[in-house]
Structure formats: structure tokens, C-alpha cells
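Chemist: Below are the C-alpha cells for one structure; questions will follow.
The values are calculated or read from the model by the stated rules, or taken from the named source; none is laboratory data. Just so you know, these numbers come straight off a predicted model, no measurement behind them. Please note: Cβ atoms are built from the backbone with ideal geometry, for glycine as well, and neighbour counts cover all protein chains shown. Keep in mind that these areas ignore ligands, DNA and RNA; they rest on the heavy atoms of the full protein, side chains included. Shrake-Rupley method; radii C 1.70, N 1.55, O 1.52, S 1.80 Å.
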2 protein chains.
Amino acid sequence: MAFMEITTEAPQQHRPRGRPREFDADAALDHAIAVFSVRGYHGTAISDLADAMQLTPGSLYKAFKDKRGILLAAFDRYRLVRSTKLKAAIAPFPAGRDKIRAALLFYAEAAHGELGQRGCLVIATAAELAVTDPVAAERVEVAHATNEAVMKDCVVLGQSDGSISANIDAAETARALLCLLQGMRIVGKTGRSRAEMMAVADMAMKLLD
Amino acid sequence: MAFMEITTEAPQQHRPRGRPREFDADAALDHAIAVFSVRGYHGTAISDLADAMQLTPGSLYKAFKDKRGILLAAFDRYRLVRSTKLKAAIAPFPAGRDKIRAALLFYAEAAHGELGQRGCLVIATAAELAVTDPVAAERVEVAHATNEAVMKDCVVLGQSDGSISANIDAAETARALLCLLQGMRIVGKTGRSRAEMMAVADMAMKLLD
DNA sequence: TGATATAGGAAACGATCGTTTCCTATATGG
DNA sequence: CCATATAGGAAACGATCGTTTCCTATATCA
């Protein structure tokens, strides 16, 4: 997983006042994403993060306020990286139906093997924090709503370009697709093969009929 | 949620040797299921469990060995209760297609509203412990495999009774259904309406075409 | 009844947690 | 150069964690 192609740009007009930061926040957060995904939020100690991010606890608290701040920053970066890659995956295909197929394959690729076992940080956050942390819950909700909207746009596009039947309900189809994509990530937590996940992606295309 | 209809029967030939247990283990585990589902494993303290189960920490350790023992016992009971209810939900329908519709509605019922936000203990365990705890991972794998097998049996039955096309792959259809069911539970963690989940269940029937 | 075995529960245990303090280092602004 | 402002990091903090100890209570077996 080469995350570093995607960076959070800095305005870069004038250097800020004090001592400049010595570490790359994006690279550090990529490590935090991996740790949180594998160990969960409460299962991750600050020392785990410090080790993985190669920073001292003091520096972590200076940069991210507290443990929850690290999680939220990692969550936001995870979303940025994943949605950027998803858009790139579906962009080459002009037809709505082909965009959806590409999205399904993109998820099948992420949900299988070792990467699939690491899992999705949105799902980890939903499962562990959605009930007890309103801020985390809202970010999960936004993430799901955004993915749902991307799927819906593809369905609507497909209906206008003729690749998808005009008789299906775009909103409900998109929601069913969202459930299936999220389910692939959960099932992938126990280590499924590429072939299995690809077959699921294939079957999911039936939702467009 | 009236869990107590379903109990773990005791052999009941001769009373065991020492002082008899004063609490109902099934009822206590039902409370543990609720706590673990809402707070997660690492987010749940022994004191939380002691409060919910109305037992002292000492009694918990005497009965379940340690915190992980409580989780595994709660997990096993959760599976027993849920799979018993699932079987009851699909039993009245003779046709394979109708059994699958019943299973989808059963999940839609569990995945919406407040109960949906509490979530599924199998998914909570998969998300939080699958990578770090091999025993928990195996139980999740068995749970998924069992659900997948139930779906597959329904598809095969439907293909023999003519309610489902003989041209579809039963194993791959069952796996896609499993992903969709699990995805409903994840999406339901942020509180979806009954109508939304029912619509997803309806859409999922397309996988049988 | 007395020996044995298990349950209930108050209290205390060391370990580890998340967080803060405090000092040094390195930058900018005047 | 001196004031200001922020970053890095070692060390220490109280709080809480999971677990154990130890004693009492209640059952069966002989």
C-alpha cells in the first residue's frame, strides 16, 4: 500500500512562527491507520502508536491533542486516500455499469488476503465507537453516505447512458451496493481468497438488472 | 429481545458436588452480549460486566476464568440464540426462495433502529479481534461458514423445488448473500430505518435471478 | 456429623493506561 | 541579538485496568 502518492497539501505562503515539525504527518498517520485497523481503538496503546509512527508520546499529544485526536486524524486521512483511489479506479470507464463493476473490483481487491484481514478503518470505527462516540458515529455516517452517493451517481449515469435499466430504483440499488461492499470488508477480516471476493463482485452486478 | 426462551440445558442427572450456582448463566450472558456489542471487547471493563450481569468480579472470574472467557461464552450464546431464531424464521416456508426472503427480512429486522445500532457480536468480534486473537478469529470464521452454508442449502433447495433458477452458482450466490447480510449489520450501526433495511432485503432477492 | 468441594464477594495487587509536566531545541519577527 | 513561538522528548502522574487472594457460605458424600 503506497499511500504517499496522496498528500495533504500545505498553503505554503509563509513559514509559521516556531520550530518546524520534523516528521511527515501523512506518513505518520498511514502507520496509525494500520495500527488502529489491526488492533482497534481501545486495543491500541499510545506506546503502540508511538512505536509505529516513530514519535514519542509527548510529540503525539503536541500534534494531535489526545488519543481520540489521532484516531480522528487517521480516520480522515484514510477516507481521503480511499476515496481518491476509488475515484481513480472508476474514472477510466465512461459507462455507469462499468464504473460500478470497477468499484466492486476495487473493493474485492482490498478485501482479500492480508490486506483484507487488516480491514477497513471505517468499519472498525463503526463497530467499536458508533454507539459510544457521537463524533466518530457522525464521521462513519458521512463516509457511508458519501459512498452511497457515489454508487447512486453511477447508477443514475448508467440509466442515462443506457447501460443500466431505467426501471430500477437508483437510491435503493445504491444502498444495497453499499451493504454488499461493507459486507465484503467484514467477511474479508477472516482472510478470504482473491477468487472468492472477485466472485462476490461478479454476483453483485445482478443488482443492476 | 426476549433471549430467555432459549436456554442451555443441563444434564440434570445428579447435582454437582459443592455449593450450587446462584445466578442464571444464560441470563447473565445475555447482559454480557449487550455490553460487549455496545462497548466492544477492549472498551468493556470488568466493572461494566459486573454491573450489567449483577455479579462481582470475583464471581465472574470463578465462573468464566477471565475476561476473554466471558467474551467467548457470550459469543457462543449469541450464536446459539441467533441461529435458533434464524432457523425458526425460515422454517415455515417450504420453498427455497421464500426461505431466503425470510432470512433477509430477519436480518433487516435486526439491523434497523436501536437494535441495529447495538450491532452484531460476531461482527464486533471480527472487527476488533480477528487479527490479534486466533481463537476468536476461528469462531468468527465458523459463524460465517455456518451462515454461508445455511444460505447455500436454501439456494440448492430452491433450485430443486423450482423456485430458483438452476443456472446460478449456489456457493457463490450464498457467499454474496452472506456479504450483503453482514453489510446490513454494519450499515445499521449508524441507525437506519426499517424501511431502508427492508428495501435492501428486497433488492437482495435479485441475487437469486 | 465431618470431610470435601464449589460459589459468592470484599479487598488488595502489580501493571499498564492515557495524559501532563518540564526542559531543551529550533525556527521566525523585530 | 533578544523576544516569541512552536516542536521534541524524558520522566513522572494519578487513574483504572484485569486479576488474585482470602475468607465465608452452602451444597454433596460417606
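Chemist: Does A:R68 qualify as being open to solvent by 30 Å² or more (accessible area, probe 1.4 Å) and either in a helix (DSSP H, G or I) or within 8 Å of DNA strand C (Cβ to nearest atom) (or both)?
Modeler: Yes, satisfied.
Chemist: May I pose another question? Tell me the residue from B:F75, B:F64, B:F23 that is out of contact with any helix residue (DSSP H, G or I) (no Cβ under 7 Å at 6 or more places or on another chain), hydrophobic (A, V, I, L, M, F, W, C), more than 11 Å from every other protein chain (Cβ to nearest Cβ) and within 16 Å of DNA strand D (Cβ to nearest atom), please.
Modeler: Going through B:F75, B:F64, B:F23 in turn, the sole match is B:F23.
Chemist: Pick from segment B:51-62 the residues that are part of a helix (DSSP H, G or I) and buried (at least 16 other Cβ atoms within 10 Å of the Cβ): which of them is nearest to DNA strand C (Cβ to nearest atom)?
Modeler: It comes out as B:S59.
Chemist: Checking the condition away from chain B (no Cβ under 14 Å) and touching a Pro at 6+ places or on another chain (Cβ under 7 Å), which residue from A:A88, A:A50 passes?
Modeler: Among A:A88, A:A50, only A:A50 is away from chain B (no Cβ under 14 Å) and touching a Pro at 6+ places or on another chain (Cβ under 7 Å).
Chemist: Which residues, taken from segment B:33-48, are within 8 Å of DNA strand D (Cβ to nearest atom) and assigned to a helix (DSSP H, G or I)?
Modeler: Matches in segment B:33-48: B:I46, B:S47, B:D48.
Chemist: Tell me, yes or no, whether segment A:22-38 has at least one residue that is within 14 Å of DNA strand C (Cβ to nearest atom), open to solvent by 40 Å² or more (accessible area, probe 1.4 Å) and aliphatic (A, V, I, L, M).
Modeler: The answer is no; no qualifying residue exists.
Chemist: Across segment B:156-176, which residue is surrounded by the fewest Cβ atoms within 10 Å (Cβ to Cβ) among those that are part of a helix (DSSP H, G or I) and either modelled with pLDDT under 95 or facing chain A (nearest Cβ under 9 Å) (or both)?
Modeler: Within segment B:156-176, the match that is surrounded by the fewest Cβ atoms within 10 Å (Cβ to Cβ) is B:A171.
Chemist: Now for a different question. Within segment B:97-104, is there a residue that is touching a helix residue (DSSP H, G or I) at 6+ places or on another chain (Cβ under 8 Å) and under 24 Å from A:G116 (Cα atoms)?
Modeler: no
Chemist: Now, a different point. Please work out if B:L55 is in contact (Cβ under 8 Å) with a residue 60 or more places away in the chain, more than 14 Å from chain A (Cβ to nearest Cβ) and within 14 Å of DNA strand D (Cβ to nearest atom).
Modeler: Judged against the criteria, B:L55 is not a match.
Chemist: Just to be sure before I move on: is B:A74 more than 10 Å from DNA strand C (Cβ to nearest atom), under 25 Å from A:T44 (Cα atoms), under 23 Å from the mean Cα position of the chain (by Cα) and of a type in the set (G, A, S) in the structure I sent?
Modeler: So B:A74 passes the test.
Chemist: Let me ask something additional. Kindly establish whether A:S193 is in contact (Cβ under 8 Å) with a residue 24 or more places away in the chain, small (G, A, S), open to solvent by 40 Å² or more (accessible area, probe 1.4 Å) and under 20 Å from B:L181 (Cα atoms).
Modeler: Answer is yes for this residue.
Chemist: Quick one: in segment B:111-123, which of the residues that are more than 7 Å from chain A (Cβ to nearest Cβ) and not in a helix (DSSP H, G or I) is most open to solvent (accessible area, probe 1.4 Å)?
Modeler: B:H112
Chemist: Something else: Would segment A:185-198 turn up any residue that is facing chain B (nearest Cβ under 9 Å), more than 21 Å from A:A110 (Cα to Cα) and not in a helix (DSSP H, G or I)?
Modeler: Within segment A:185-198, none of the residues are facing chain B (nearest Cβ under 9 Å), more than 21 Å from A:A110 (Cα to Cα) and not in a helix (DSSP H, G or I).
Chemist: A:V142 passes all but one of (1) under 16 Å from A:R79 (Cβ atoms); (2) out of contact with any Leu (no Cβ under 7 Å at 6 or more places or on another chain); (3) crowded, with 17+ Cβ neighbours inside 10 Å; (4) aliphatic (A, V, I, L, M); which number fails?
Modeler: In the conditions (1) under 16 Å from A:R79 (Cβ atoms); (2) out of contact with any Leu (no Cβ under 7 Å at 6 or more places or on another chain); (3) crowded, with 17+ Cβ neighbours inside 10 Å; (4) aliphatic (A, V, I, L, M), A:V142 misses (3) alone.
Chemist: From the list A:A108, A:A137, A:A201, A:A126, pick out the single residue that is open to solvent by less than 30 Å² (accessible area, probe 1.4 Å), outside any loop (DSSP other than H, G, I, E, B) and free of Cβ contacts under 8 Å to residues at least 12 places away in the same chain.
Modeler: A:A137
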